Each structure stands twice: as structure tokens, then as C-alpha cells.
Amino acid sequence: MTLVGVRSSLATFWGTVCRKKTITEDFHETPLKKCLTTFDMTLLGVGQMVGAGIYVLTGITYANFNRNYVFAIGTPQAIL
């Protein structure tokens with residue numbers, strides 16, 4: 001590839017990366033209905049925290065149970 005070919009490829013790539021979307025007048029109009037209430041959002045947040053806690057506690061329990069082998073064997077299994 002020549003220097004001109006490399007510059008052309010980089011210019012095409014850079015133009016793709018930096019492209020901008022035009023905003024039309026009906027940008028905020030959507031057929032979707034906003035139906036989540038404060039209670040729904042609160043339960044969604046609580047569920048997310050409980051789910052993350054389950055993964056953390058599973059990893060901690062596994063590490064404590066297999067303390068001698070956690071780096072040799074346990075690390076790939078704990079990730080899965």
C-alpha cells in the first residue's frame with residue numbers, strides 16, 4: 001500500500017467515526033408509551049443490586065471454600 005492509499009483509508013475511517021446524525025423536527029415523537037412509575041424504577045434498582053450481590057457472594061464463597069486452589073484452578077471457574 002502506498003502512502004496515498006493509507007491516507008485515503010484513514011480519511012475514510014475517520015469520516016465514518018466522526019459522522020453526525022441530523023436531528024429532525026419529529027425527533028421526540030415516538031409511538032412508545034412511558035409507563036414506568038417510580039415504584040417500577042425502585043424495584044428495578046433493588047433487583048439489580050440483589051443480582052450483583054449474588055454474583056459477588058458466589059465468588060467470595062468459592063474463593064474461601066477453595067482457598068488453596070483459587071489461583072491455580074478456581075479463577076477460570078469463578079469467572080464462568
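The values are calculated or read from the model by the stated rules, or taken from the named source; none is laboratory data. Computed from a predicted structure; not experimentally measured. Note that each Cβ is placed from the backbone with ideal geometry, even for glycine, and that neighbours are counted across all protein chains shown.
For PHE13, the conditions (1) modelled with pLDDT of 85 or more; (2) exposed (fewer than 10 other Cβ atoms within 10 Å of the Cβ) all hold with the exception of (2). Quick check: is even one residue across segment 67-76 at pLDDT 90 or above and loosely packed, with under 10 Cβ neighbours inside 10 Å? For segment 67-76, residues at pLDDT 90 or above and loosely packed, with under 10 Cβ neighbours inside 10 Å: absent. Restricting attention to segment 16-42 and to residues that are assigned to a helix (DSSP H, G or I) and among the polar types (S, T, N, Q), the residue that is surrounded by the most Cβ atoms within 10 Å (Cβ to Cβ) turns out to be THR42.
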